[in-house]
1. Would it be correct to say that residue 126 is more than 18 Å from the chain's Cα centre (by Cα), more than 30 Å from residue 178 (Cα to Cα) and not in a loop (DSSP other than H, G, I, E, B)?
2. Tally time: how many residues in the range 81-97 are closer than 23 Å to residue 191 by Cβ and buried (at least 17 other Cβ atoms within 10 Å of the Cβ)?
3. Can you work out which of the residues in the range 163-197 that are in contact with a helix residue (DSSP H, G or I) (Cβ under 9 Å, 6 or more places away or on another chain) and among the basic types (Lys, Arg) is farthest from residue 46 (Cα to Cα)?
4. Can you give me the ranges of the helices (runs of 4 or more DSSP H) entirely in the range 141-217 with at least 1 residues that are crowded, with 16+ Cβ neighbours inside 10 Å and either under 19 Å from the mean Cα position of the chain (by Cα) or of a type in the set (Phe, Trp, Tyr) (or both)?
5. Restricting attention to the range 59-111, which residues are within 24 Å of residue 206 (Cα to Cα) and basic (Lys, Arg)?
6. Can you tell me which residue among 37, 61, 18 is modelled with pLDDT of 85 or more, closer than 29 Å to residue 176 by Cα and among the charged types (D, E, K, R)?
7. Kindly indicate whether any position in the range 163-182 is farther than 18 Å from residue 24 by Cβ and among the β-branched types (Val, Ile, Thr).
8. Can you name every residue in the range 85-96 that is touching a residue at least 40 places away in the same chain (Cβ under 8 Å) and assigned to a helix (DSSP H, G or I)?
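The values are calculated or read from the model by the stated rules, or taken from the named source; none is laboratory data. This structure is a prediction, so every number in the text was calculated from the model and none was measured. Cβ atoms come from the backbone with ideal geometry, glycine included; neighbour counts cover every protein chain shown.
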Amino acid sequence: MALGAFLQRTSCSWRRWRTGEALRVPLDDIGVEAANRRFLLYGVLPLWVVPAVADWWMHKRTRIEETSGVQESAVHALMMTEAGIPVAMGMLARINPLVLSVMGGAAVAHGATALYDVSLAVQERQVKPIEQHIHSFLEVLPLSALAFVSCLHPDQVRSLLRGGPEPDAWKLQPKKHPLPVRYLTGLAAVIGTGVILPYAEEMVRCLRTRPAPDAVG
């Protein structure tokens, strides 16, 4: 019953998720907070796609479908999920101890999964230094995003360190000032084109090339 009440309250709050005035980030504002917010929204998040596409290209060049195949591609999908969930929460939800905890946990999980990914890949295909260097960018970006969000919301960081005693500290609530629809749509298009589609193509390629059970036996 407690879970049902929680889901009902959450559902009610999200029905009005765009009732507040949209957040504005003026380009001519030279304040530290505005500069951090601009770099996070227009730098860190969109540029995440660049090393992701470069990594996909390295997998394609080393013919992942004929080596580590579906297993490694599934690990890539897991890492995208570990990165995508906190990004979606940060874009849509009010930053509080709950969201910060998810971001921190996801960053740690992403780093651990990345380590497993490399250990799996080096046994099956050639992983050149350039690909490992690309991985270093992909691994540090979740931590960079978490650091920028923490700097923008120091009050919520202090609340998290105190155990989140406030009533709304552990509730998933929509932002008081949601990000502009144009920005969210553009970011979704960038991520869809530069991350989801390439790695979906990789998985399809691996599935098509995977040997049939009779052939393996």
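1. In short, no.
2. Residues that pass the stated criteria total 10.
3. Across the range 163-197, the extreme among qualifying residues is 171.
4. Fully inside the range 141-217 and qualifying: 181-191, 197-209.
5. Once the filter is applied, which keeps residues that are within 24 Å of residue 206 (Cα to Cα) and basic (Lys, Arg), the range 59-111 yields 60, 61, 63.
6. That would be 37, the only listed residue that is modelled with pLDDT of 85 or more, closer than 29 Å to residue 176 by Cα and among the charged types (D, E, K, R).
7. no
8. 86, 87, 89, 90, 91, 92
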